[in-house]
1. Taking the Cα centre of the chain as origin, sum charge times position over the Cβ atoms of Lys and Arg (+1) and Asp and Glu (-1), and report the length of that vector in debye to the nearest 20.
2. Dividing the Cα convex hull volume of region 22-67 by residue count, how many Å³ per residue is that?
3. Out of region 25-92, which chymotrypsin sites (Phe, Trp or Tyr not before Pro) are coil in DSSP terms and have no more than 13 other C-beta atoms within 10 Å?
4. In whole angstrom, how far apart do the alpha carbon centroids of region 1-76 and region 98-147 sit?
5. Just to check I understand the Karplus step: with θ = phi - 60° and J = 6.51 cos²θ - 1.76 cosθ + 1.60, what whole-Hz values come out for region 323-333, glycine and proline as x?
6. Using the heavy atoms of the protein chains and a 1.4 angstrom probe, tell me the accessible area per residue for the chain in square angstrom.
7. For a protection proxy built on the mean count of beta-carbon atoms within 10 angstrom, sort 65-78, 319-332, 194-207 highest first, please.
8. Report, to the nearest whole %, how much of the accessible area of region 22-67 belongs to carbon and sulfur atoms, 1.4 Å probe, protein only.
Amino acid sequence: MASASTRKQCAYDGGCKQVGVAYCEGCTRSFCGIHFNDHRRLLNEELNFIFSGCNEIKDVLNQEKATCDSHPLMKQIDDWEKQSIGNIQQRAKELRQQIILLATDHRNELSQRLQQLSEQSNDALEHDSFSETDLRQWKKIIEDLKANLTSHATVGINQHDYFPGLKNISLVMTMSKELFDRVSDNTIQIEQNGQVATCDSSVNHREIRGRNRYSSGVHKIRLYIEQAEQFWMFLGITSEPTPLRHLFCSAPCTYGWSNDNNIWTNGQKCRNSSNNIIEMKKNDIVSLILDCNNRTMVMINERTNRKYELSVNTANCPFPWQLYLNLNEANSCVRILPT
Ligand SMILES: [Zn+2]
Ligand SMILES: [Zn+2]
């Protein structure tokens with residue numbers, strides 16, 4: 001038992017002369033009876049502070065739960081939703097209008113050609129001034145118009161995945177099948193109903209035109225180089241009304257590429273200065289993509305996977321555009337493939 005002299009004084013902060021009789025484990029201090037009670041009361045008050053802190057947080061959480069719908073980000077998400085739906089509706093409207101325009105263009109073009117043919121044939125009847133050559137030509141036009149009527153320009157949808165569930169789409173137009181139609185001289189023959197063009201054994205610049213006329217939309221033509229021994233060839237487009245000629249170099253309406261690594265635009269030949277060497281060899285499949293809307297054309301060699309792009313100045317090369325090939329070497333042969 002501790003004597004009075006060894007007993008500790010009450011640890012009350014306000015200064016108490018009494019001897020400590022109760023020991024607090026928490027703060028390892030002794031207090032007199034009165035101040036020990038005070039000490040416990042202060043600790044209780046601090047505990048109450050913890051309780052009220054808990055309640056305060058609980059209240060805020062409950063409030064949060066009730067006001068979850070008015071989260072500040074909700075409005076941003078709502079805006080994004082509205083804008084996205086609006087964009088999709090706008091795009092759908094544009095695409096519908098594009099289809100209507102494409103169909104109308106197509107119908108007008110056919111009507112125009114029909115009108116032309118009627119006028120020519122009526123005139124010929126009136127003056128009795130037609131021959132087998134005219135009849136052959138007109139029959140060909142009739143066949144061509146019929147083929148375009150039944151399998152008229154079809155429009156495909158191109159889908160691009162941006163993220164799952166939402167696709168962006170655009171239209172790709174597939175004209176009735178492209179075929180070879182006209183040549184500049186008889187050293188080249190069109191065979192297999194227009195699918196193949198074959199040169200004879202002479203060396204000569206000869207021009208081959210496609211049948212289709214391209215004025216709007218995006219179109220793809222695939223060509224297979226079936227026979228060629230180191231031959232020179234040109235692939236591209238020209239403006240449809242341009243007369244056929246052997247040497248096209250000076251024609252400003254000719255746009256395309258030759259496999260001696262030259263680019264042809266505005267009637268000028270320009271050496272391809274990029275590392276992307278222009279190649280067209282035997283057994284190559286070459287695609288030509290004509291984008292009338294953006295006035296550009298792209299050539300892709302499927303073997304090398306190389307891509308070449310040209311802008312077309314429609315002041316020099318007005319619509320309608322036509323497929324245009326020029327083959328120089330003997331016995332070379334090119335085939336149009338299905339797209
Ligand atoms: Zn204590
Ligand atoms: Zn005390």
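The values are calculated or read from the model by the stated rules, or taken from the named source; none is laboratory data. All of these numbers come straight from a predicted model, not from anything done at the bench. We place every Cβ from the backbone using ideal geometry, glycine too, and count neighbours over all the protein chains shown. SASA here: full protein model, heavy atoms, side chains in, ligands and nucleic acids out. Shrake-Rupley method; radii C 1.70, N 1.55, O 1.52, S 1.80 Å.
1. Numbers: 38 positive and 40 negative charges, 232 e Å.
With Lys and Arg at +1 and Asp and Glu at -1, about 1120 debye.
2. Details: hull volume 2.4 nm³, N = 46.
Hull volume over Cα atoms, normalised by residue count, gives 52 Å³.
3. Numbers: sites: PHE31, PHE36, PHE49, PHE51, TRP80; in loops: none.
Those that pass, being in a loop and sparsely packed, number zero.
4. 102 Å
5. For region 323-333, the Karplus curve yields 4, 9, 10, 9, 10, 10, 7, 5, 6, 6, 8 Hz.
6. Numbers: 21270 Å² over 339 residues.
Heavy-atom SASA per residue in the chain reads 63 Å².
7. Working: 65-78: 8.9, 319-332: 20.9, 194-207: 17.3.
Averaged packing, sorted descending, gives the order 319-332, 194-207, 65-78.
8. Numbers: 2220 of 3790 Å².
Of all accessible area on region 22-67, carbon and sulfur atoms account for 59 percent.
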